[in-house]
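Visitor: For reference, the structure I am asking about is given below.
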Amino acid sequence: MHIKIEELPTLVGREVGVSDWLLVDQDRVNRFADATGDHQWIHVDVERATRELGGTIAHGYLTLSLVPALVDDMLTFEQSSHNLNYGADRLRFTAPVKVGKRVRARKTIKTVEPRGGGWQITAEIKIEIEGEEKPALIMDMRTLAFP
């Protein structure tokens with residue numbers, strides 16, 4: 001969705017985008033484990049995890065780290081000089097992402113408030129798992145957008 005920045009308040013309560021599906025494969029999980037030093041067996045020991053859990057599970061923080069790429073093009077503004085990540089509230093990991101599953105993001109605008117010469121946007125982000133009822137992650141993402 002592409003809008004003028006001054007039209008932001010009209011989006012409150014609206015879903016502004018759903019991303020394409022993204023495969024969470026073992027290579028991605030292994031690279032995340034190497035980058036973070038989190039080599040817990042449920043993520044990287046395919047043999048043991050398959051035997052005990054039915055397969056490996058992606059790190060919760062890996063799922064979280066996919067949010068920027070998944071939501072990046074959902075909402076863009078005309079006449080905006082820059083946007084800043086302002087943080088997240090109410091982050092919950094509600095279901096595990098099994099390796100080999102695909103995920104996608106759904107973004108709904110909750111609030112838009114004037115702040116520091118721009119706008120503070122709070123958007124609910126849900127990371128859905130293909131074929132599953134419960135999302136992997138739900139959070140309120142805060143962004144500052146400046147004209």
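Visitor: For the residue pair Tyr61 and Arg14, what label-to-label distance in nm results when each label sits 7 Å from Cα along the Cα-to-beta-carbon direction?
Guide: Once both label points are built, they end up 3.6 nm from each other.
Visitor: Note the count of lysine pairs whose C-alpha atoms are less than 24 angstrom apart in the chain, limited to pairs 8 or more residues apart or on different chains.
Guide: Close lysine pairs found across the chain: 12.
Visitor: Return Leu66, Leu75 ranked ascending by Cβ neighbour count within 10 Å, so the fewest neighbours appear first.
Guide: Leu75, Leu66
Visitor: Next up: What 222 nm value per residue comes from the helices of the chain, counting each DSSP H run with n ≥ 4 as -39,500 (n - 2.57) and dividing by all residues, nearest 500 deg cm²/dmol?
Guide: -5500 deg cm²/dmol
Visitor: Could you work out which residue, out of Pro96, Pro68, Pro135, moves most in a Gaussian network model of the chain, that is, has the largest mean-square fluctuation with Cα springs under 10 Å?
Guide: Maximum among the listed residues: Pro68.
Visitor: Let me ask another. Answer with a single label: of (i) 43, 38, 23; (ii) 54, 30, 23; (iii) 45, 34, 33, which was calculated as Cα extents along the principal axes in Å from the structure in view?
Guide: Entry (ii).
A short reminder: the numbers here are calculations on the coordinates, not readings from a lab. Because the structure is a prediction, the values reported are computed rather than measured. Cβ atoms come from the backbone with ideal geometry, glycine included; neighbour counts cover every protein chain shown.
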